[in-house]
Structure formats: C-alpha cells, structure tokens
1. What is the Cα convex hull volume of the range 12-59 when expressed per residue in Å³?
2. Relative contact order (percent) for the chain, with alpha-carbon contacts under 8 angstrom and 6 or more residues of separation?
3. Over the range 70-170, with a single point scatterer placed on each C-alpha, what log10 of the ratio I(q)/I(0) does the Debye formula yield at q = 0.21 1/Å?
4. For the chain, what number results from the quotient of the Cα radius of gyration and 2.2 N^0.38 Å?
5. Quick check: Cα centre of the range 16-43 to Cα centre of the range 92-170, how many Å?
6. Taking H placed 1.01 Å from N in the peptide plane, check which residues at least 5 places from D143 or on another chain put their amide H under 5 Å from its amide H.
7. Hey, in the GNM for the chain with a 10 angstrom Cα cutoff, which one of T63, T41, T32 fluctuates hardest?
8. In degrees between 0 and 90, to the nearest 10, how far off the longest principal axis of the chain does helix 148-165 point, with axes built from Cα atoms?
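What follows draws every value from the coordinates through simple rules; no lab data is involved. Just so you know, these numbers come straight off a predicted model, no measurement behind them. Cβ coordinates were reconstructed from backbone atoms using ideal geometry, including for glycine residues, and neighbour counts include every protein chain displayed.
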Amino acid sequence: MGIWRRLFGSGAPEGFTGGLAAEEHVLASAATGDGFLVATTLGLWLPGPRRLGWHLVSKASWTGSALSVVEAVEDGDAGGAVLLRDLPAVKYPLAAPGKVPEVVHARVTGSIRSRHRNEDPGAWFLQRKVPGRDGVVLQVRPDPGADVARVREIAAETAARLASLRPDSD
C-alpha cells in the first residue's frame, strides 16, 4: 500500500466494499440506491461492487437525474480484433452526482483512439486504450442483424493490416 493511501485513504466513499488495485485512484464517486458508482483510473465500479473497465463502456449518458450505462461484453476474437456485444442499458439514479457524469464522459471518450463505421457489413471499428496496459485493442461492434461471419472476416483483415503497420511487427 502506498504512502498516499496510508496517510489519506483511497478516496473511495465510506461503505464502498470494492477492492481497488494498488495503482488505481478514485476520481469521483456518487451514491446510488443500492451502493456506489466509483469512477477510478481503471474503470467504473458499479454497485455490487464490480469494476467495468473504461474500454468496455459502450455508452454512458447523463439525463440530469440518472447515469445510463451500456456495458459491452467480449463476444469472441477475430484475428486479434475483439468482437463486442452490448448489454441493455442500466440506469443508476444519482441524487448527488458530483463529478461522476463528467469523469465518466471524459474517461470513456478518452479511451477511444480512433473509430470508423463500416456500413458493409454494418459494424463499428474502434481502437481503444485499455486501462493499465500498453497499446490499444481493436474492438468491433456488429450492428443488430449484421452478418457476424462477414464482420469477423473484415475484423481479422483489419487487425492484420493494423499489426503490419506497427513498428514491432517485423
């Protein structure tokens, strides 16, 4: 445990039961009806508690009384690209949101290095930074009803092209 945490604590709200990693720092937090939303350098802790990495937050929006979060789950690999599938949005009512909406917005958008829409076969291609790791990951999110086999094929081709552009891919 670092000296900062020994002297000042983790910055997590009292009653938060998540286990922060040694290099993880709290950026903002807010109480929900059944726990806390705690935004850290590595991700968003959801009530339960469970940390969702910033690279797996597909969408987050603030309505003025609740934060709506769409979580992506990894749904396979295509030649180094990670295929994603979105779960239904979950709303977290926040009576006193503090800086949580702003921090979440900044961290989610900050994790995206590039994004491209491919109409054929219908998918988003994103390069995202994964908290706590070097480099980026290519994520591919097929549209509902898209030909997933075709998405996998294009994703694998794209991952191979990107890998060939990296200096360490000799």
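1. Value for the range 12-59: 77 Å³ per residue.
2. About 17 percent, as a whole number.
3. Reported log10 I(q)/I(0), two decimals: -1.14.
4. 1.15
5. Their Cα centres are 23 Å away from one another.
6. A123, W124
7. In this elastic network of the chain, the residue with the biggest mean-square fluctuation among T63, T41, T32 is T63.
8. 90
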